[in-house]
Amino acid sequence: MVSGGGFLRAAVTGFLALVCLSAFAIDDADCFICHNDSSLTKTLPDGATKSLFVDEAAYNENIHLVVGCTGCHSDIAEVPHAETLKPVDCSQCHAEEAQIYAQSLHGKSVENKDPLAPSCADCHTAHNIRSKDDPKSQTNPIRIPNMCAQCHAENAPVAQTRNVSQHDILTNYEDSMHARGLLEQGLKVTAVCTSCHTAHNVQPHTDPQSTIHRDNVVATCTQCHALIEEVHRKVINGELWEADPQKVPVCVDCHQAHEARKVFYDEGVSDRDCMACHDKAVPLARGGEMAAVDAEGVHNSAHTTVRCAQCHTGASPALPRPCETVGPTVDCSICHDDQVKQHAASIHGQLFAKNDPDAPTCLDCHTGHTTQRKTDPKSPTFPANVPELCGNCHRAGEKAATRLPAEFAGLVASYAESVHGQGLLKSGLVVSATCTNCHTAHNPLPPDDPASSVNVTNIPDTCGKCHSGVEDEFLNSVHSPLVSKTDQPLPVCSSCHTAHSIHRTDDEAFRLDIIGTCGKCHEDVTATYFDTYHGKVSKLGADVAARCHDCHGAHNILAVTDPQSTLSHDNIVQTCAECHPGANRRFAGYLTHATHHDPEKYPALFYAFWGMTGLLVGTFGFFGLHTLMWFPRSLKEMKKHKAAAANKERRMVRRFDPVVRQMHFVLILSFFGLALTGMALKFSYMGWAQTLSWMLGGFHSMGIIHRVCAVAMFIVFVVHLAYVVQRKRKTGSTWREMLLGTGSLLPMWRDVKEFIATVKWFRGQV
């Protein structure tokens, strides 16, 4: 008969033998033909790229080497294999551990498809699995704190987004007696995360089956501290603690869960003792009155597991009133040492050190006895509440706002109207950036401080924490100090987007303002831009016209000579095609920054501009003068003709028939329509042109008017030709007579004589 242990060994041996036999046809070397390539990747359904590289040297040292690749990837029957394989099922060999894990907090999170839930490979790795006794193994005691910290460190995703009852876990552990023994003295017998929480059966402290549940904490601690319970019971029997068995303290009542080095109180100052007095307002020896402590609020706070004496230290149980020796202030650094150090170094802490009455302390933001976690919507530090919290001091007219330079006035109101503020306050997107995301929660510093998160040198990194990939693009652009070696200031995120009143990049206001923003550094280039069609229509309010970033890129701005530039020879056609479908190489030859002000570089544009300007000014000047001279004489003649007509001395004769008059009227309207809209575009930089554009309904309406007038003028031209042909037939004239006769529109010597006569008529000489 085979014993239980022998049977298990036989079963495992048999299973491994079967696995080896089944995988005999495919050797590990066959797998490494492809998977030894470090560039081998796979695109996942969500678009992410996953590396398929396996380090052969590390693989050859793992404890699963005897199993082989196909021992885990059991659905591989041939090489090359199918692109999609079944997930590896560790329960084939580790059924007991898998069953335990499935019932744990981690296993349930996997079942619920939590993206942050850890799998077997997250702790044990996938292809470099080592025995926990191997110093290189992630599950070796010396490495376990750092392994768990990948998820549970202060800034890790789990710590930030999941409701974990303890905070600053890694920081507190590193300051504990356990960590000192492990990390400083190399004592592997020292307690690590798995010593208290177990390796595979991690449960929340509220679960009665959890090893860290209040009822089980003693049993967990006494696995190492065998005599502690006996000593502790002697203390209890000495009636230094409450007689109520439900109030008997356990290990974590005195020793903080992770920072086990510290003992919070000495001889039994319990919360019950404190609340005997502090459930109501208490007069203070130093004057004033302490408000009543809300016991229920404390119980529902983030400090529900923290005892009064842990914060209000210095109690003396031997005194009738143990709290007589308690200090006037609470030292939050007992648990939050890192945060307190950051606050001390911040501008808030510096003001506090100077006894500035306006300096905020921990309680100004975190309340006190009813402090809630930042993940609680009721907490002042919950993202949606942070603008209001900071606004208590920084809103216009408040104490902090009055001390800041004028350019920072109204920053809270500006934030509320920004894309970040709109996302947070109107759409409820708590992932939107708030004050603390940019300025940090505990270490805000003035922008001129090199250590400040909003210092010009640090802004790309600060913004890059949310805008993934943008920072990398920016650091490789010509705006980055890594690329452009210059003593001149280079732009950063806030230079273009501002600091607080950040608009959406597709917002009309942003697109209209961006030219001026770029012009702060590129004044000459911006000036030439406004000489082009894109620039002119931009002046008239057309947000669809190409702006700087449409051509040069937003964050990935590179030199035109760079092959990766959007304006390089290989990319410029594609760049133009984003707005102009069907663009070709010839179209892309458009001179974006060509200017008519440079006769040496652009002579054709220079002379064409001044030629057209001269023609325009000359035409309007001539006919303007003509109209000024004609109008008074015309009024005089009209009065004379009316008087003569009344006396029947003369009668009026119409020179043109109705068709000609109608054509003339349409011609006048179309001409003035073309002239007004065209001149508004030509002189778009002038105030009158922008006003005219606004009066006509904006650039889009002007474009419609211009095109309608152009069509009308063309129609008049065609109709006029038809009229000329009809008149030729009616009069029987030859083409020579029509073109060169007395009724011709071609300039003749007779026209000169008549012009002179007309001028004399204007002056009353005829």
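The values are calculated or read from the model by the stated rules, or taken from the named source; none is laboratory data. Just so it is clear, the structure is predicted and the values come from calculations on it, not from any experiment. With ideal geometry, Cβ positions are generated from the backbone for all residues, glycine too; neighbour counts draw on all protein chains shown.
Quick notes on this one:
- Answer residue from region 98-149, given it is assigned to a helix (DSSP H, G or I) and polar (S, T, N, Q) and is nearest to GLN209 (Cα to Cα) among those: GLN99
- Residues satisfying the stated conditions in region 696-720, i.e. part of a helix (DSSP H, G or I) and under 38 Å from the mean Cα position of the chain (by Cα): PHE699, HIS700, SER701, MET702, GLY703
- Among the residues of region 195-210, just one is crowded, with 20+ Cβ neighbours inside 10 Å and of a type in the set (Ser, Thr, Tyr), namely SER210.
- Exclusive hit being in a loop (DSSP other than H, G, I, E, B) and either in contact with a Phe, Trp or Tyr (Cβ under 7 Å, 6 or more places away or on another chain) or not hydrophobic (A, V, I, L, M, F, W, C) (or both), set THR329, THR402: THR329
- Single match in ALA559, ALA545 (criterion: surrounded by 18 or more Cβ atoms within 10 Å (Cβ to Cβ) and assigned to a loop (DSSP other than H, G, I, E, B)): ALA545
- In region 52-98, the qualifying residues are those that are of a type in the set (Gly, Ala, Ser) and surrounded by 12 or more Cβ atoms within 10 Å (Cβ to Cβ), and the one that is nearest to SER137 (Cα to Cα) is ALA58.
- Restricting attention to region 341-361, the residues that are assigned to a loop (DSSP other than H, G, I, E, B) and not polar (S, T, N, Q) add up to 6.
- Any chance SER565 is in a loop (DSSP other than H, G, I, E, B) and either under 24 Å from the mean Cα position of the chain (by Cα) or assigned by TED's automatic domain parsing to the domain that holds PHE683 (or both): yes
- Those residues of region 26-57 which are in a loop (DSSP other than H, G, I, E, B) and among the hydroxyl-bearing types (Ser, Thr, Tyr), in sequence order: SER38, SER39
- TYR723 touching a helix residue (DSSP H, G or I) at 6+ places or on another chain (Cβ under 8 Å), farther than 21 Å from PHE623 by Cα, in contact (Cβ under 8 Å) with a residue 60 or more places away in the chain and not in a helix (DSSP H, G or I): no
- Region 365-381, subset touching a residue at least 12 places away in the same chain (Cβ under 8 Å) and under 17 Å from HIS439 (Cβ atoms), residue nearest to the chain's Cα centre (by Cα): THR381
- Screening the candidates ALA77, ALA102, ALA121, ALA95 for the property of being more than 41 Å from the chain's Cα centre (by Cα) and closer than 30 Å to THR206 by Cβ yields one hit, ALA95.
- Residue tally, condition closer than 20 Å to LYS136 by Cα and over 39 Å from the mean Cα position of the chain (by Cα), over region 181-212: 11
- Any hit, region 640-661, residues being acidic (Asp, Glu) and not in a helix (DSSP H, G or I): yes
- Verdict on CYS438 being buried (at least 18 other Cβ atoms within 10 Å of the Cβ) and either modelled with pLDDT of 90 or more or in a helix (DSSP H, G or I) (or both): yes
- Pairs where the first residue, in region 487-500, is closer than 15 Å to SER477 by Cα and the second is part of a loop (DSSP other than H, G, I, E, B), C-beta under 7 Å, 6+ apart: LEU490/HIS479; LEU490/PRO481; LEU490/SER484; PRO491/HIS479; PRO491/CYS521; VAL492/VAL456
- Selection status of SER346, in contact (Cβ under 8 Å) with a residue 60 or more places away in the chain and among the hydroxyl-bearing types (Ser, Thr, Tyr): yes
- Of all residues in region 664-700 being surrounded by 15 or more Cβ atoms within 10 Å (Cβ to Cβ) and in contact with a Phe, Trp or Tyr (Cβ under 7 Å, 6 or more places away or on another chain), the one that is farthest from PHE620 (Cα to Cα): SER693
- The set of residues in region 164-173 being under 17 Å from HIS197 (Cα atoms) and in a helix (DSSP H, G or I) consists of ILE169, LEU170, ASN172, TYR173.
- Entry remark, region 402-441: residues being within 14 Å of ARG504 (Cβ to Cβ) and among the small types (Gly, Ala, Ser) number 6 in total.
- Restricting region 396-423 to residues that are more than 19 Å from the chain's Cα centre (by Cα) and in contact (Cβ under 8 Å) with a residue 24 or more places away in the chain, the residue that is surrounded by the most Cβ atoms within 10 Å (Cβ to Cβ): ALA400
- Members of region 327-363 that are under 27 Å from LEU170 (Cα atoms), at pLDDT 90 or above and either exposed (fewer than 15 other Cβ atoms within 10 Å of the Cβ) or of a type in the set (Gly, Ala, Ser) (or both): LYS341, ALA344, ALA345, SER346, GLY349, THR361, LEU363
- Selected residue (only one of VAL470, VAL456, VAL478, VAL483 is in contact with a His (Cβ under 6 Å, 6 or more places away or on another chain), among the aliphatic types (A, V, I, L, M) and surrounded by 14 or more Cβ atoms within 10 Å (Cβ to Cβ)): VAL470
- Every residue from region 574-607 that is in a helix (DSSP H, G or I) and closer than 17 Å to ALA545 by Cα: GLN574, THR575, CYS576, ALA577, PHE587, ALA588
- Residue among HIS555, HIS596 that is under 17 Å from VAL483 (Cα atoms), out of contact with any Pro (no Cβ under 8 Å at 6 or more places or on another chain), touching a residue at least 24 places away in the same chain (Cβ under 8 Å) and outside the structural domain of GLY469 (by TED's automatic domain parsing): HIS555
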